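A.B. asks: Before I ask anything, here is the structure I am working with.
The values are calculated or read from the model by the stated rules, or taken from the named source; none is laboratory data. Everything numeric here is computed off the predicted structure, so don't read it as measured data. We place every Cβ from the backbone using ideal geometry, glycine too, and count neighbours over all the protein chains shown. These accessible areas exclude ligands, DNA and RNA; they are computed on the full protein's heavy atoms, side chains included. Shrake-Rupley method; radii C 1.70, N 1.55, O 1.52, S 1.80 Å.
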Amino acid sequence: MEKNKKVKKLTFISICATVAILLSYVEVLLPPIFAAVPGIKIGLPNIAIIFVLYRFGIGEAVAVSFVRIVIISMLFGNPMVFAYSVAGAFLSLLIMTLLKKLDFFSKVGVSVAGGVSHNIGQILMAMLLLETAEIGYYMIVLTFTGIISGSLIGLCAAYLLKCLPMKKI
Amino acid sequence: MSKKNAVETAEENSKRKIKNDIIFIVALILIVALGTLCYFLFGREGDMVKVTIDGELFGEYSLSEDNVIEIRWGESFNILVIENGKARIESASCPDGICVSHRAISRSGESIICLPNKVVVSVSFSDEKNQPDIIA
């Protein structure tokens, strides 16, 4: 019985990872929102990540996030893409976990913080790799879009968590 | 009775969190607005562009004269065009083409960054070159 439960959990988390990868793929297919400023993304995979973070916990969220990044980098990217993605995901997961623990914000607030910190992580990585501080100017635009997309993603994740009750998993 | 109370506290709790969310988002928007304001207040038109590859200086070019520069590094290349006081990337070997679709830059501090080729094109002032960096 206990084993059965474990298998169920593993299967469910694997499905979440698949969904995260698919959402990344959908995002790759989408046309750029704003061609003048590259790097703006909706952050669709974050729906799956936030879902896993709230339903299971930090360990599972890190696993899903890592699997997603490895697979997406192998399929569409290169080592550089991997480095940027890891930097963004690490900071974003760190901030989201802290805020979730503090229990100060709802899922929308956590998602906004996650989106913005994802951008900050990537910018910091770019500063490190390119050895330039000029890219910091991007932060203004990226923070603004991060707020909008983070709110929407947070609402989606909150709705999903409400609609998928714990008992059925 | 206690159950009802629990429901009420949960509701209050979620209301408090939503309030916190709104404060947080407004604060972030204010930071962005402040950043934008600073950008337009202190951002001036630059007069030269600096090209670096992987952190190393490739060259510096004046914005006042039209120019076409081929930034070549190994097998990768970016063609930089300076036209009417603005700099843009005409074509490049990178797969994403983000640098090519970036709009032309002319304000100080603005930059076009090609991540795959590690090329950074940024606008600066020629007279500021020897000044100490006052930003801590």
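A.B. asks: Is there a residue in the range A:67-83 that is more than 14 Å from chain B (Cβ to nearest Cβ), surrounded by fewer than 18 Cβ atoms within 10 Å (Cβ to Cβ) and within 13 Å of the chain's Cα centre (by Cα)?
C.D. replies: Step one: list which residues in the range A:67-83 are more than 14 Å from chain B (Cβ to nearest Cβ), which gives A:67-72, A:74.
Right, trim to surrounded by fewer than 18 Cβ atoms within 10 Å (Cβ to Cβ) and you get A:67, A:70-71, A:74.
Narrowing the set further to residues that are within 13 Å of the chain's Cα centre (by Cα) leaves A:67.
Looking for residues that are more than 14 Å from chain B (Cβ to nearest Cβ), surrounded by fewer than 18 Cβ atoms within 10 Å (Cβ to Cβ) and within 13 Å of the chain's Cα centre (by Cα), one finds at least one in the range A:67-83, hence yes.
A.B. asks: Looking at the range B:80-96, which of its residues are closer than 25 Å to A:PHE76 by Cα and either surrounded by 16 or more Cβ atoms within 10 Å (Cβ to Cβ) or hydroxyl-bearing (Ser, Thr, Tyr) (or both)?
C.D. replies: Within the range B:80-96, B:ILE89, B:SER91, B:ALA92, B:SER93, B:CYS94 meet the criteria.
A.B. asks: Another question, if that's okay. Scan the range A:101-118 for residues that are more than 11 Å from chain B (Cβ to nearest Cβ) and either of a type in the set (Phe, Trp, Tyr) or in contact (Cβ under 8 Å) with a residue 40 or more places away in the chain (or both) and report the count.
C.D. replies: Total satisfying the criteria: 2.
A.B. asks: Moving on. Which of the residues belonging to the range B:82-109 are within 8 Å of another protein chain (Cβ to nearest Cβ) and more than 20 Å from A:VAL81 (Cα to Cα)?
C.D. replies: Within the range B:82-109, B:ARG103, B:GLY109 meet the criteria.
A.B. asks: Next question. Just for the range A:119-164: of the residues that are of a type in the set (A, V, I, L, M) and closer than 22 Å to A:PHE56 by Cα, which one is farthest from the other protein chains (Cβ to nearest Cβ)?
C.D. replies: Taking the range A:119-164 as the starting set, the residues that turn out to be of a type in the set (A, V, I, L, M) are A:120, A:123-130, A:133, A:135, A:139-142, A:147-148, A:152-153, A:155, A:157-158, A:160-161, A:164.
Going one step further and asking which of them are closer than 22 Å to A:PHE56 by Cα, we end up with A:152-153, A:155, A:157-158, A:160-161, A:164.
Details: A:LEU152: 12, A:ILE153: 13, A:LEU155: 11, A:ALA157: 13, A:ALA158: 10, A:LEU160: 17, A:LEU161: 13, A:LEU164: 19 Å.
Of everything passing the filter in the range A:119-164, A:LEU164 is farthest from the other protein chains (Cβ to nearest Cβ).
A.B. asks: A follow-up question, please. Quick one: which residue in B:ILE112, B:ILE79, B:ILE134 is more than 10 Å from every other protein chain (Cβ to nearest Cβ) and modelled with pLDDT of 85 or more? Don't jump to the end; show me each part of the working.
C.D. replies: On the way: B:ILE112 fails: more than 10 Å from every other protein chain (Cβ to nearest Cβ); B:ILE134 fails: modelled with pLDDT of 85 or more.
From the options B:ILE112, B:ILE79, B:ILE134, the qualifying one is B:ILE79.
A.B. asks: Residues to consider are A:ALA63, A:ALA17, A:ALA89; find the one that is out of contact with any Leu (no Cβ under 9 Å at 6 or more places or on another chain), away from chain B (no Cβ under 14 Å) and within 16 Å of A:ASN119 (Cβ to Cβ). First the steps, then the outcome.
C.D. replies: Numbers: A:ALA63 fails: within 16 Å of A:ASN119 (Cβ to Cβ); A:ALA17 fails: within 16 Å of A:ASN119 (Cβ to Cβ).
One residue alone meets the criteria, A:ALA89.
A.B. asks: Please list, ordered by residue number, the strands (runs of 3 or more DSSP E) wholly in the range B:1-74 having 1 or more residues that are open to solvent by 100 Å² or more (accessible area, probe 1.4 Å).
C.D. replies: On the way: elements: B:48-53, B:56-62, B:67-73.
Where strands (runs of 3 or more DSSP E) fall fully within the range B:1-74 and carry at least 1 residues being open to solvent by 100 Å² or more (accessible area, probe 1.4 Å), they are B:56-62, B:67-73.
A.B. asks: Inspect all residues belonging to the range A:128-139 and state whether any of them is in contact (Cβ under 8 Å) with a residue 40 or more places away in the chain, open to solvent by 40 Å² or more (accessible area, probe 1.4 Å), within 22 Å of B:PHE24 (Cα to Cα) and part of a helix (DSSP H, G or I).
C.D. replies: Looking for residues that are in contact (Cβ under 8 Å) with a residue 40 or more places away in the chain, open to solvent by 40 Å² or more (accessible area, probe 1.4 Å), within 22 Å of B:PHE24 (Cα to Cα) and part of a helix (DSSP H, G or I), one finds none in the range A:128-139, hence no.
A.B. asks: So is B:LEU41 touching a residue at least 24 places away in the same chain (Cβ under 8 Å) and more than 11 Å from every other protein chain (Cβ to nearest Cβ) or not?
C.D. replies: no
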